[in-house]
1. Using 0.36 nm per residue of separation minus the Cα-Cα distance, give me the extension gain between K351 and L529 in nm, one decimal.
2. Work out how much length D325 to L376 would gain on full extension: take 0.36 nm times their residue separation and subtract the Cα-Cα distance, in nm to one decimal.
3. Can you give me the relative contact order of segment 342-394 as a percent, contacts being Cα pairs under 8 Å and 6 or more apart?
4. Would you mind putting 136-143, 529-536 in packing order, based on average other-beta-carbon counts within 10 Å, highest first?
5. With only Lys, Arg, Asp and Glu charged, each at its Cβ (+1 for the first two, -1 for the last two), find how big the charge dipole of the chain is about the Cα centre; round to the nearest 20 debye.
6. Tell me what the chain gives for mean residue ellipticity at 222 nm when only DSSP H runs of n ≥ 4 count, each as -39,500 (n - 2.57), the sum divided by the residue total, rounded to 500 deg cm²/dmol.
7. Does segment 366-457 come out rounded, prolate or oblate, given a ≥ b ≥ c as the square roots of the eigenvalues of its C-alpha gyration tensor, rounded meaning a/c under 1.5 and, failing that, prolate meaning a/b above b/c?
8. Using the Cα centre of segment 346-495 as the reference point, and only Cβ charges (+1 on K/R, -1 on D/E), how large is the resulting charge dipole? Debye, rounded to the nearest 20.
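The values are calculated or read from the model by the stated rules, or taken from the named source; none is laboratory data. In this text, all values refer to a predicted model and were calculated from it rather than measured experimentally. So basically every Cβ, Gly included, is an ideal-geometry build from the backbone, and we count neighbours across all protein chains shown. We work out accessible area using only protein heavy atoms, side chains counted, and drop any ligands, DNA or RNA first. Shrake-Rupley method; radii C 1.70, N 1.55, O 1.52, S 1.80 Å.
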Amino acid sequence: MNNRGIILLVQRFKSRNDVVVLLLFAAIGIVLYYSAFAGPWLLDDNHLILGNDGLRDLGNLFKNIFSQRGLSYLTLGLNVWLGDLVPHYFRLVNLALHVGTSLVVYKLLSRIFKGYLPLLGGLLFLVHPVQTQAVNYIVQRMTCQAVFFALTSLLFFSKGIDDLNSTCPSSYSKKAGYWLAATVCGMFAVLSKENTAVLPIMFFLWAKCISPATKFKHVLGYSIPVFIVVLLLALSHFNKPETKLTDNPGKAEFWMIDRVVPRINNAQGEKVFSGAHVRYLDVLPDSLELSQLYLATESIVVWRYVALFLLPLHQAVDHAYPLVDGVISAKVVFAASALFFCLFASLVVYKRYPLLTFAVVWFLLALVIESSIIPLDPLVEHRVYFCMFGLIVGTLYLLASIKPERIRIVASVALVLILSGLTCKRNAVWGDEIKLIRHDIDVAPHNHRNYLALSTAYAAIGNWSEAETSARTAILKHSRNPAAYENLGSALAMQGRHLEAVGYYQTARSLNPRSPGVLYNLGLALINLGRYDNVQDCLNLLKPLDPLLGADLEKSLLSARHTSGR
C-alpha cells in the first residue's frame, strides 16, 4: 500500500472516531441536561425572547444579521418559527451547540495532547457544572453560539497553519478552504456575541504557544479578515443609532457594600463591628467612576471565576455581585497584584512551559471585553464558557505530570464522575423554577430581582399569599422598583383586596407612568371597586400605549356598567 493509501485509512479512522465521540458527548449531554429542559424563562429571556415581537419577523432578522448580535437573534427567531415559544426547543438547540463545542474542544486538544487527554478535556468542557448557565439560560444562546464558532474558527486556523508548516503542503484549494472556513466562522462568532472580538489575538497566541514554527505573515493572513469584521462592526455602531432587534433592551443594575464602621459598646468598652450591608445603587456614579469601580471589582471577580472552575459551589443565575466601595482597597490591590503576578510569571516561563502561558493568557483574553471597563453585571457564570478552553488546557498539562499513569487515569475518571454528579444536581434545580429562585436567594439575599422572580413564579401557580410575601420583600430590598409594586397589587387583587391593590398600582404608576400593564390592572381594580369614572382616566392613557389592552379594559368597563345599571 502506498503512502496516500495509508493517509486515507488514517483519515477514515479519525472521522469514524469523531462520530463515536460526538455520539458519546450527545448521550452524556442529554442525560445530564434532560432534567433542566422544563426550566423557566428567566431575566433577559422575558424581554429579549418572550416580549420581543421582532423575533417573529424572519425577513427583518435576515436583513439585520450584521447588526449587533444579529446572528444570535436570527437563530432565536428560527427557534420561534420552528417551535413557537416552547422553552424545551430552545434549550435543545443550546444543548446541541454545547455538545458541538465540546467536540471542537476535543479536536483542538487532539492537536496539543496525546492519548486519552483530548477526550478527557472534551468531557470536562461538557460536564462541568459552571457550564449549566450558558446552556439553560436560554438567551445565552449568544454565548454558546459565539464560542462554538470562535473555537471552530481556531480549529480551521490550526489546521491551515499546520498545513503551511508541513513539508508536504496540501493543494491550493485545500489551503483556501481552511482560510475561508476560519474567516467565516470567525465572522459568525463576532456576529453572535462581541466578546469573541479577541479571536485574532488568540490566533497569534495559538501560533506562539502551540505552533511556534508558524510564520508571522501566515498568522496575519488569517487574523486580518476577522479583524476587519470586528472593525466594521465597531464602526457601524460608532455615533450611530443602534439597529434594535428589541424595543426593551436589558439594563445592568448595581449594588455596593457599605463600609463596615466599628461602634463602641459603652457597657463592655469593646469595639463591635456592625457588619457589611449590601445596598442597591439607585443613583449611579458618573460613567468614568463607574468604569473604574467596575474594573476594580472585576479584579476580584476573576478569582471567583477561577474558584467556580476549581470548586463549583454556591452557583446562582443572578449573583448581583456588589461593586467595591473604592478603587484603592486592600482586597482590590491584593487581587489585582495576584492577577498581574500570574500573567507576568506565565510570560516569563513561556519558553519552558508554553502551555501554561497559553492557559493563563487565554483565560484573561476571554474575559477582557466583558470584565474590564464596560460596566455590565459584575459576575455572571456564563462568562466562564469562553474561558473554559484555556482552563482545561492548563488542567490537562498539570494532570499529564502526574505519575504513574494509573493514578492519573483514576484521578481523571473520578474528576469526570464528580463533575457530572454536580451538574446533574444543578440541572435538577434548574428544572424547578421555585427551587432555582430560592437557591439564588440563599446565595444573594440582597438581590430584589430574585424576590420579584419568586413572586411571579408563585403567581403563575396561583399561590397568591406567597406571591404577596415575596413582592413585599422585593420592595424592602429596592423601594423604587415599579414591577414589585405591580406584582404586590396583583397578588392583593387576586385575594379580593382591591382597595389595597389600587394603592400599590398607583405607586407603580408614579414610578413608571407609561406601563400598559399597570394601567390595565389599575383599571380592573377600580372596576371591582365600582369607581367607573376613574377607570376612564386609565383608558385614556392606556389606549395610545396598547390598543389591545385598552379595548379589553373598555369591554370590561362596559360589561360592569351594564351589570350594575350604571
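1. Once the chain is fully extended between K351 and L529, it gains 56.2 nm.
2. Between D325 and L376, full extension yields 16.7 nm more.
3. Computed value for segment 342-394: 45 percent relative contact order.
4. 136-143, 529-536
5. 2080
6. Value at 222 nm, helices only: -22500 deg cm²/dmol.
7. Oblate is the answer for segment 366-457, as a/c is 1.5 or above yet b/c matches or exceeds a/b.
8. 740
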